[in-house]
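Asks: Got a structure for you, written out below as structure tokens; questions coming shortly.
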Amino acid sequence: MWNFSALLEEIPCAIGKAVLQVIEDENLQENAIKTGDFYKTLFKELQNKHECIGDVRGSGLFLGIELIDEAEKPNTKLAQLIKNELRQRHILISTDGPYDNVIKTKPPLQFTQQNALKVVEEIDRVITHNIT
């Protein structure tokens, strides 16, 4: 006879253990740190290029890029434009913050430096096309 309540407790534990094993086997935490540092550096370089980027913050792959206008006020309109343009290019990001002017990127752990470069290049294209 099956003990379904015992199975309901064991299955989630087995799934969790398998996920943790994949994270370890594929060095996904180390990838998140290295790729996240690279990603943040790319965003800092983009900040130096575009005055509409007020701040770059976060750690690992979880980063936020604050968008501001000429008066250094939150630029919600630009954040929404970037989010929507990237979505059309099959890049999913979101916006956050009290003024919804922070581009929030939180990709999966297997995100690569090549992926990071692609995202930053596309954001650069959107800003360049719409600001300059």
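The values are calculated or read from the model by the stated rules, or taken from the named source; none is laboratory data. All values derive from a computational prediction rather than experimental measurement. Positions of Cβ are backbone-derived with ideal geometry, glycine not excepted, and every protein chain shown enters the neighbour counts.
Asks: Among I23, I53, I68, I15, which is farther than 24 Å from D124 by Cβ and surrounded by 13 or more Cβ atoms within 10 Å (Cβ to Cβ)?
Replies: Just one listed residue meets the conditions, I23.
Asks: Quick check, is L109 farther than 18 Å from G54 by Cα, among the aliphatic types (A, V, I, L, M) and modelled with pLDDT of 95 or more?
Replies: no
Asks: Oh, and also: Wholly within region 1-90, which helices (runs of 4 or more DSSP H) include no fewer than the required count, namely at least 1 residues that are closer than 16 Å to V102 by Cα and in contact with a Phe, Trp or Tyr (Cβ under 7 Å, 6 or more places away or on another chain)?
Replies: Helices (runs of 4 or more DSSP H) meeting the threshold: 76-88.
Asks: Suppose we filter I131, I127 for residues that are in contact (Cβ under 8 Å) with a residue 60 or more places away in the chain, among the aliphatic types (A, V, I, L, M) and surrounded by fewer than 18 Cβ atoms within 10 Å (Cβ to Cβ); which single one remains?
Replies: Every option except I131 fails the conditions.
Asks: Could you list, in sequence order, all residues of region 98-124 that are in a loop (DSSP other than H, G, I, E, B) and either hydroxyl-bearing (S, T, Y) or in contact with a helix residue (DSSP H, G or I) (Cβ under 8 Å, 6 or more places away or on another chain) (or both)?
Replies: Y99, D100, N101, P107, L109, Q110, F111, T112
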